[in-house]
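The values are calculated or read from the model by the stated rules, or taken from the named source; none is laboratory data. Given the structure is predicted, the values throughout are model-derived calculations rather than measurements. Neighbour counts run over all protein chains shown; Cβ positions are idealised from the backbone, glycine included.
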Amino acid sequence: MQCETARFILELDLTRMGEADWRDLDAVEAHLQDCPDCQGWHLQRQAAENRMAQLMQNVPAIRFKHQNFQRDSHTEGRNWSRRLIPYGLVVAVILLIFSPMVFRQPAKPLDIELAAWIMREGFESSVDGPTADSRRLELERRFARIGVTTRLPDALDYSQLLFSGLVELQGHAVPQLVFSGSTGDWLTQVLVLDSRKFDLSSLPESIPTGLTSSEGTLLNADESGRFVALVVDGFRRKGPAGAKAAW
Amino acid sequence: MADITELAKAHQQSLFRYAFRLTGQTADAEDLVQETFLQANRKISSVKDLGAIKNWLFTILRNQHLMNLRQRGNKPLESIEDLPDCAVQPIRPEGVHDSELLQQLLMEMPEGYRTPLILFYLEDFSYRDISEQMGIPIGTVMSRLARAKDWIRARYPVDSIMNQSPIREER
Ligand SMILES: [Zn+2]
């Protein structure tokens, strides 16, 4: 068997064929025994394929477990829920008018790994490129999902957002946004800090960052004053950073 | 007859992985899995071949996903040639992981190429399984897979990821 033929058959992944001709596979196997070149090629290819499969399977765990789907599709149940919708709306409106605090109940704390995943998800590509508004909206949606109820500062150009994530700072999980700067490696890092967890009066001096400069500005990110954005500009520093990506 | 709660127990994690790779969003993926089981429960009495139940669930999920895309008015790219050819490797800012970078590339791909690639690497589906789920001939599955693999390899240097230490924080 020629090297080319052997590699062609290997690339076809005949094991996925269902009805593979096993004689072909035997012939390829025999060729691999005799041909170190193809053997090396095959091993490298296999490793790359395994790595790709491993990456593809690397997704966060599902949050809900074994729901009762039978009840959901029960026709009578559906009719009942339809009849209840108008009453539900009335109740919701009354709650909205008289008791806005009901909706400010702190959400159940999220699993930290899941929160990290939510923050780190890639941004959907769009044909026209990201707009500042779409990026900001998406960010605020992520923040809401991890239980950080804050408005993001207006002073930032959200179209320049490189990525968002979760970092560990003084033992707390902190949302981090990184924007590209006007030149080269210049970056702007934003950490959203909860005043209940950090002593804001000692900030920003006490915050080590992964950037060459630790001069930061505090922006009030939230009307309630609970959340504050610490904005630090600088070049990316080599070596260990103060705020380290922990998840 | 198969019991939907048992089915959910057995397949929800793999369906979620599929949904996550198709949509790129945890919340959308969860909704998609939920909707899949609701639909499956409505049609479960018509299932004759219990051996093909996984294929059946995966097919429902993708159909629902395509419907969602249509409802949102997304005009899907038809062919991988529609994609801009990028000569530069995507930048990987510090903190962005391989798995995310892969997701970003998947989201750039036309759905007709993204889906076979995901099914191929995510599960041990045969070409026939993939062809049945997508309703296209086996030959088309194979050629789309080959092109999707080439496309992603050109942007995602597998050699360099192979040399990296395994991602420690992701399971
Ligand atoms: Zn050879």
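Of note:
- Members of the range A:36-58 that are surrounded by 16 or more Cβ atoms within 10 Å (Cβ to Cβ) and assigned to a loop (DSSP other than H, G, I, E, B): A:N58
- Taking the listed residues A:L32, A:L25, A:L14, A:L55, the one that is at pLDDT 85 or above and more than 9 Å from the ligand (Cβ to nearest atom) is A:L55, with no other qualifying.
- Residue that is farthest from the chain's Cα centre (by Cα) [pool: residues in the range B:124-148 that are among the hydrophobic types (A, V, I, L, M, F, W, C) and more than 8 Å from every other protein chain (Cβ to nearest Cβ)]: B:I138
- In the range A:1-11, the qualifying residues are those that are away from chain B (no Cβ under 14 Å) and among the aliphatic types (A, V, I, L, M), and the one that is nearest to the ligand (Cβ to nearest atom) is A:A6.
- Residues in the range B:2-23 that are closer than 28 Å to A:R120 by Cα and crowded, with 20+ Cβ neighbours inside 10 Å: B:A8, B:H11, B:Q12, B:L15, B:F16, B:R17, B:Y18, B:A19, B:F20, B:R21, B:L22, B:T23.
- Residue within the range A:162-181 that is farther than 27 Å from A:L200 by Cα and at pLDDT 75 or above present: no
- Hey, B:Q39 over 18 Å from A:A61 (Cα atoms), within 12 Å of chain A (Cβ to nearest Cβ) and either basic (K, R) or crowded, with 17+ Cβ neighbours inside 10 Å (or both) or not: yes
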